[in-house]
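Q: Can you read through this structure? Questions will come right after.
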Amino acid sequence: MINPSMVPTLDPNPLPAPYWVFKLLLLVTFFLHMLAMNFMMGGAFMAIAARFSSNGSEYRNRIFVDVAKKIPTLLAATITLGIAPLLFVQVIYGQYFYTSSILIAWPWFFVIILLIAAYYGFYFVAYKGKRRPGAAGFVLLASLALVLFIGFIYSNNVTLMQVPSHWAAKYFANPSGWNLNLSEPTLIPRYLHFVTAAIAVGGILLVLLALARWKHDRDYARHLFQFGGKAFMYATMAQFLVGMWFLVSLPRDLRMLFMGDNTPATVLFSAGLLGTVAAIFLMSDALRKDNIRVAAYGVTALTAFIILTMVIMRDILRDAYLEPYFHPHQFPVQTQWAVFPLFLVLFLGGVALWLIMLKRYGLFTSTKPTDI
Ligand code: HEM
């Protein structure tokens, strides 16, 4: 452990609401960010898989065009739902998050540039995918590579923020800001854990699209269901290996949090594992019995639950890393009762607006074959 004075001093401005409110909001909004990110990144994976495995198959080309059209909206959702946890993480963990962001300043700054370039690519594919599938396939691949890199930069930042003992060496080795956190042993398995999850959720996106087409366009919907359902199953099976790699890469005392040392962490870990096994079996059964409803409602709900358990586990892990330095009870709190209810009403109103927008936009409503 380093001298705690290496950590910038706590902001003397009091929190405008109790600590737990910010923690809850961070968890809720980060969960929503993860859902949107998984659909966006996983959708891009699925569209590319369909495009490059098409061999002239009409259905695979349709999947490519159909999914590619949704990606710009899903990217917008990822960004909007990323801003909220960005604010809350700064309120609670500012001393750590700002420091790591400065240490990796240049890659961190490049997130914006990479994002804009990826956006252009996704729009190109959404508009030109049908007429120029050859070029669009490669543009989509390039955009996916860019968002993969953005996720990687995030993983570098959040793994670095939780190890203040590594900051000084990193800074003095290269004070220019051209750093990542590549020497961190958990970085790669942690990052791959996110990417593998995104592929599985991309499979679910296809299952949901299949549900919307089930009545009017059964043959195509069945193809979507089989393609997406199998992708979900195989990615989730692979997740067992990647997840285990992540677990064993953790320092022993932190790993043991999930294996008995911390009751909530152990319960969440067990529930997440059981949920994952159940989701694989449920999807496999639904595929065999051609039961789209079980796959679309049952597996989707189970997967959302698993992601929620992982989001909370990730938070417990961060607080355990920061345990020598981070003492939430030290936050001065001066609840601003005049604006706090207003904030809550606006927050809930914002979430409701999102739901209305999603319904109006018809992300999962049926399109006729000629629409695509
Ligand atoms: C579009 C591409 C994006 C991808 C693929 C992506 C992916 C990710 C991933 C994988 C993590 C978790 C990293 C880890 O725990 O190791 C993460 C965390 C985070 N992302 Fe995103 N992200 C994207 C864009 C954004 C944007 C534009 C924002 C903000 C405007 C944002 C805000 C956040 C925040 C604040 C966290 C950390 C939350 C915390 O530590 O509690 N993300 N992102």
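Q: Using alpha-carbon pairs under 8 Å, 6+ residues apart, how would you state the relative contact order of the range 241-357 in percent? Write down the numbers at each step before the final one.
A: Details: 52 pairs, mean separation 24.3, N = 117.
After rounding, I find 21 percent.
Q: Would you mind getting me the FRET efficiency between TRP354 and VAL294? Use the beta-carbon distance for r and R0 = 30 Å, nearest 0.05.
A: Numbers: r = 27 Å, r/R0 = 0.90.
Calculated value: 0.65.
Q: Also, quick follow-up: Could you work out how far helix 58-68 tilts from the main Cα principal axis of the chain, as a 0 to 90 degree angle to the nearest 10?
A: The angle comes out near 30 degrees.
Q: Also, I was wondering about something else. Could you pull out the pairs from LYS128/LYS289; LYS69/LYS230; LYS70/LYS215; LYS23/LYS69; LYS215/LYS289; LYS128/LYS359 whose alpha carbons sit more than 27 Å apart here? Spell out each step's value before the answer.
A: Values: LYS128/LYS289 37 Å; LYS69/LYS230 22 Å; LYS70/LYS215 21 Å; LYS23/LYS69 35 Å; LYS215/LYS289 17 Å; LYS128/LYS359 25 Å.
Over 27 Å Cα-Cα: LYS128/LYS289; LYS23/LYS69.
Q: If each of PHE281 and HIS216 carries a label point 7 Å out from its Cα toward its Cβ, how far apart are those two points in nm?
A: Going from the PHE281 label point to the HIS216 one covers 3.7 nm.
Q: Now, a different point. Efficiency by 1/(1 + (r/R0)^6): what FRET value for ARG255 and ILE188, r their Cβ-Cβ distance, R0 = 22 Å, to the nearest 0.05?
A: Working: r = 16 Å, r/R0 = 0.75.
Plugging the Cβ-Cβ distance into 1/(1 + (r/R0)^6) gives 0.85.
Q: What length, rounded to one decimal in nm, is gained on full extension from GLN90 through to LEU24, with 0.36 nm per residue of separation minus their alpha-carbon distance? Could the numbers behind the result be given before it?
A: Working: separation 66, 0.36 × 66 = 23.76 nm, distance 1.40 nm.
Stretched fully, the GLN90-LEU24 segment lengthens by 22.4 nm.
Q: Arranged from highest to lowest average of other beta-carbon atoms within 10 Å per residue, in what order do the peptides 180-187, 224-231 appear?
A: Numbers: 180-187: 16.2, 224-231: 23.1.
By packing density, highest mean first, the sequence is 224-231, 180-187.
Q: Fewest to most neighbouring Cβ within 10 Å: what's the order for MET256, MET283? Please list the in-between numbers first.
A: Values: MET256 14, MET283 26.
Ranking MET256, MET283 by Cβ neighbours within 10 Å, fewest first, gives MET256, MET283.
Q: Here's another thing I want to ask about it. Give the peptides 308-319, 57-68 in descending order of average Cβ contacts within 10 Å, highest first. Walk me through the numbers on the way to the answer.
A: Numbers: 308-319: 17.9, 57-68: 21.2.
Descending packing order for the listed peptides: 57-68, 308-319.
Q: Can you compute the modelled spin-label distance between TRP245 and PHE110, with each label point 7 Å from Cα toward Cβ, in nm?
A: 2.3 nm
Q: Non-local amide H neighbours of VAL333 (under 5 Å, H modeled in plane, Pro and chain starts lacking H): which ones?
A: Amide H neighbours of VAL333: LEU15.
Values quoted throughout were computed directly from the atomic coordinates according to the rules given, and no laboratory measurement underlies them. Please read all numbers here as calculations on a predicted model, not as lab measurements. All Cβ positions, even for glycine, are placed from backbone atoms using ideal geometry, and neighbour counts span all protein chains on display.
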